[in-house]
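Heads up, the thing below is written out as structure tokens.
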Amino acid sequence: MNRIFAIGFWLFTAIGLYAQQGAAVWGLGANEANRDAGFGLSNNPGVAFTGKAIGGVWGQQRFTGTTLVQGGAALAFRSKGTLYGGDFSYSGTPNFSITRVHLSLCQIISNQFNVGFSVGYATLYQSMLNNRPTRLSGRLGAAFQINEKWDASAVIINPWSRAYDGGLAVPAGALSLGYRINMLTKAAFQYRYNAQNQPVYGIAMRHEYGKRMVFNGALQTGPEPISAGIEYKSASAVFAISTRYHTYLGFSPAFSLIWTKR
């Protein structure tokens, strides 16, 4: 039992079992605030989506060759200027894992400003132990369209939690400042804070190639300096694959499939 606990503690502190949802967010540097990495309100509840409804599934192997996996699903719909959503995610190994469930709400204040929040719980499973600790989990988010070129977004994660509570609901936050270079290319200057790790600074790029292909990439500080991905878009669906590179632990391939009702 002590060995399992030690492995789990290392996973949560050294690696981090944080489940940002969708392959696009991983390709763009795992910054939840980035408006182009939205996944049905689950990454940043302040980022509204277009259309009447959106649903998606995603999965990732955290470091090739390990049994550490992440995955989940999200579903959201629009009712006039209000968006409602829910998401589920799993992150861990057969012996040590976290399950999260959230409900989200986003309010469109104007064409330039949205706010939102999500609330739910995170549950820890550890083999050989009967109790399953549960913590309140949630996010506060906002998105701003400054002008035709610039936009900004922010998300605050678990601000009510302690710096370390066993890894269930770690306080964190992210900022993203986007700049549209031209009609096909956009850059984002990013910052991410986590109470257990050093702050991460970086820049992400998103480039559309034709009508159906999108290339994502990011360079940043920290142990995972490079990430990249590609998206294929149809009339109502987007399939994405991406990966992040850790300087010691290698690649983390991910996929997601998103369906949108216009």
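Here are the numbers for the structure shown:
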{"quantity": "Residues that are open to solvent by less than 10 Å² (accessible area, probe 1.4 Å) and more than 18 Å from residue 239 (Cα to Cα), drawn from the range 42-61", "calculated": "44, 45, 46"}
{"quantity": "Answer residue from the range 74-103, given it is basic (Lys, Arg) and surrounded by 19 or more Cβ atoms within 10 Å (Cβ to Cβ) and is farthest from residue 136 (Cα to Cα) among those", "calculated": "78"}
{"quantity": "Which listed residue is under 21 Å from the mean Cα position of the chain (by Cα) and among the small types (Gly, Ala, Ser), from 118, 127, 110", "calculated": "118"}
{"quantity": "Lone unmet requirement of (1) of a type outside the set (A, V, I, L, M); (2) within 18 Å of the chain's Cα centre (by Cα); (3) surrounded by 15 or more Cβ atoms within 10 Å (Cβ to Cβ) for residue 199", "calculated": "(3)"}
{"quantity": "Residue pairs meeting the criteria (Cβ under 6 Å; at least 6 apart or on separate chains; first more than 18 Å from residue 25 (Cα to Cα), in the range 61-87; second surrounded by fewer than 23 Cβ atoms within 10 Å (Cβ to Cβ) and among the charged types (D, E, K, R))", "calculated": "78/52"}
{"quantity": "Residue 100 vs. criteria charged (D, E, K, R) and out of contact with any Lys or Arg (no Cβ under 8 Å at 6 or more places or on another chain)", "calculated": "yes"}
{"quantity": "Matching residues, the range 181-199, being in contact with a Phe, Trp or Tyr (Cβ under 9 Å, 6 or more places away or on another chain) and over 26 Å from residue 147 (Cα atoms)", "calculated": "194, 195, 196, 199"}
{"quantity": "Residue 167 vs. criteria closer than 18 Å to residue 120 by Cβ, assigned to a loop (DSSP other than H, G, I, E, B) and either open to solvent by less than 10 Å² (accessible area, probe 1.4 Å) or modelled with pLDDT of 95 or more (or both)", "calculated": "yes"}
{"quantity": "Count of the range 202-223 residues which are within 19 Å of residue 20 (Cβ to Cβ), open to solvent by less than 70 Å² (accessible area, probe 1.4 Å) and modelled with pLDDT of 95 or more", "calculated": "10"}
{"quantity": "Residue match in the range 163-180 (condition: touching a Leu at 6+ places or on another chain (Cβ under 6 Å) and over 30 Å from residue 210 (Cβ atoms))", "calculated": "yes"}
{"quantity": "Any hit, the range 106-115, residues being part of a loop (DSSP other than H, G, I, E, B) and hydrophobic (A, V, I, L, M, F, W, C)", "calculated": "yes"}
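Every residue, every condition in (1) buried (at least 17 other Cβ atoms within 10 Å of the Cβ); (2) over 18 Å from the mean Cα position of the chain (by Cα); (3) within 19 Å of residue 66 (Cβ to Cβ); (4) among the acidic types (Asp, Glu), yes or no:
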{"site": "225", "(1), (2), (3), (4)": "no, no, no, no"}
{"site": "230", "(1), (2), (3), (4)": "yes, no, no, no"}
{"site": "234", "(1), (2), (3), (4)": "no, yes, no, no"}
{"site": "244", "(1), (2), (3), (4)": "yes, no, yes, no"}
{"site": "247", "(1), (2), (3), (4)": "no, yes, yes, no"}
{"site": "253", "(1), (2), (3), (4)": "yes, no, yes, no"}
{"site": "256", "(1), (2), (3), (4)": "yes, no, no, no"}
{"site": "260", "(1), (2), (3), (4)": "yes, yes, no, no"}
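The values are calculated or read from the model by the stated rules, or taken from the named source; none is laboratory data. Treat the numbers as computed from the prediction; the structure is a model and nothing was measured. We place every Cβ from the backbone using ideal geometry, glycine too, and count neighbours over all the protein chains shown. Quick note on the areas: whole protein, heavy atoms, side chains included, nothing else; ligands and nucleic acids left out. Shrake-Rupley method; radii C 1.70, N 1.55, O 1.52, S 1.80 Å.
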